[in-house]
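Structure first, commentary second.
Derivation of every value follows stated rules applied to the coordinates shown; laboratory data play no part. Values in this document were obtained by computation on a predicted structure and should not be read as measured data. Cβ sites come from the backbone with ideal geometry, for glycine too, and all protein chains shown count toward neighbours.
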Amino acid sequence: MTVKTMNPIFEKLGMKYPIVEGGMTWAGTGALAAAISEAGGLGFIGTGYWHGDDVRKEIRRAKDLTDKPFGVNVMLLSRHIREVFDVIIEEKVAVVATGAGDPSPFLDELYAAGIMVIPVVPSVSLARMMEKKGVDAVIAEGMESGGHIGMLTTMTLVPQVADAVNIPVIAAGGIGDGRGVAAAFMLGAAGAQMGTRFLTATESEVHPNFKSKILKAKDIDTIVTGNLLGNRARVLKNKMAKSFVKNEVNELQQKNPDVAVLVKMESGTLRRAVQEGDKEGGAFMVGQISGLIKDEKPAADILSDIWAQASDLMGIENTTL
Ligand SMILES: Cc1cc2nc3c(=O)[nH]c(=O)nc-3n(C[C@H](O)[C@H](O)[C@H](O)COP(=O)(O)O)c2cc1C
């Protein structure tokens, strides 16, 4: 089997490694995205529920730190989505990734601005639809991931999406070392996306408590909240996560469940984890691969170490050396 590790999109972006940073609300800052792009991966700024001005500030911060292309991840559920897309187009960002939904209403204006579009897809049907609408690649994200998740695992989703579409597929969810990256290629992916692994990069600006929670985590330390609400998110088990799940079960057993109570309970919890390191009240979104992550090191070392291991396992020449 010959493994082609550089797809046309990554070549166009001048990347050294076929490795992407997953957009991360609050945690995916301009500084981290710039460090990853500067080192030869593709960094993404996570914009979550920010206003356009906040997004512009982080884009400019990243531009000050690198001349390399980087991307912006947009949460399609955000109320500020219109202003966020306006800023992305004004700032001539190279790539947009979209999470939590169907980006169809925004595609034409992004194409017209020459911006590459790479939506996150949790299913074959959305991947097929996105290919028809002309996107450049898709990110097939399994439920091992940190953050909001779908129903399928990376192992099952990636090969099915890879068989269904002819555009590059980037695998995400549960990738934390070179074995994971090599596995992604074996499943038919043309690149790998990591979120959790980059949270402990030296340049990651998450609170030290967040980093130390990942470094101490074991394989079984995550839990999925929002199962009943239909808004599933993987987080580390703590007081907040356990009481959320308990309240979710209680509330939805009521005759007239009050979903607003649960939404209010969740509100602001990721920011409290990322910026305040609130150990009990924060939502520490991380993936199941946390148990494998044992060190904090520069993004450049994460990328080069992972790629050295992956290329060795795949028996291909490490052309980045
Ligand atoms: C703290 C955190 C926040 C995230 N926020 C977003 C987001 O705003 N948009 C999105 O598309 N994905 C988001 N994700 C998912 C990542 O982009 C990525 O696909 C995922 O982390 C990959 O799985 P891994 O954590 O096992 O590496 C988030 C993940 C984490 C850990």
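General observations
- The alpha carbon centroids of the stretch 154-206 and the stretch 293-318 are separated by 14 Å.
- Here's the list of lysines a cross-link from K239 could span, going by alpha-carbon distance under 27 Å and ignoring same-chain residues fewer than 8 apart: K211, K213, K216, K218, K255, K264, K279, K294.
- Average Cα contact separation per residue, the chain, under 8 Å, 6 or more apart, as relative contact order %: 17
- Only helices enter this figure: runs of n ≥ 4 DSSP H residues, each worth -39500 (n - 2.57), summed and divided by the residues of the chain, yield -11500 deg cm²/dmol at 222 nm to the nearest 500.
- Other-chain or far-sequence residues with amide H under 5 Å of G191's (modelled H): A171
- Going from the residue with the fewest nearby Cβ atoms within 10 Å to the one with the most, F210, F185 rank F185, F210.
- In the chain, the longest principal axis of the Cα atoms and the axis of helix 52-65 are about 40 degrees apart.
- Choice from G287, G99, G52 with maximal GNM fluctuation in the chain (Cα, 10 Å cutoff): G52
- The charge dipole of the chain, taken about its Cα centre with unit charges on the Cβ of Lys, Arg, Asp and Glu (plus for the first two, minus for the last two), comes to roughly 720 debye.
- For R79, R179, order by how many other beta-carbon atoms lie within 10 Å, fewest first: R79, R179
- With each label modelled as a point 7 angstrom along the Cα→C-beta vector, the K255-A113 pair spans 5.1 nm.
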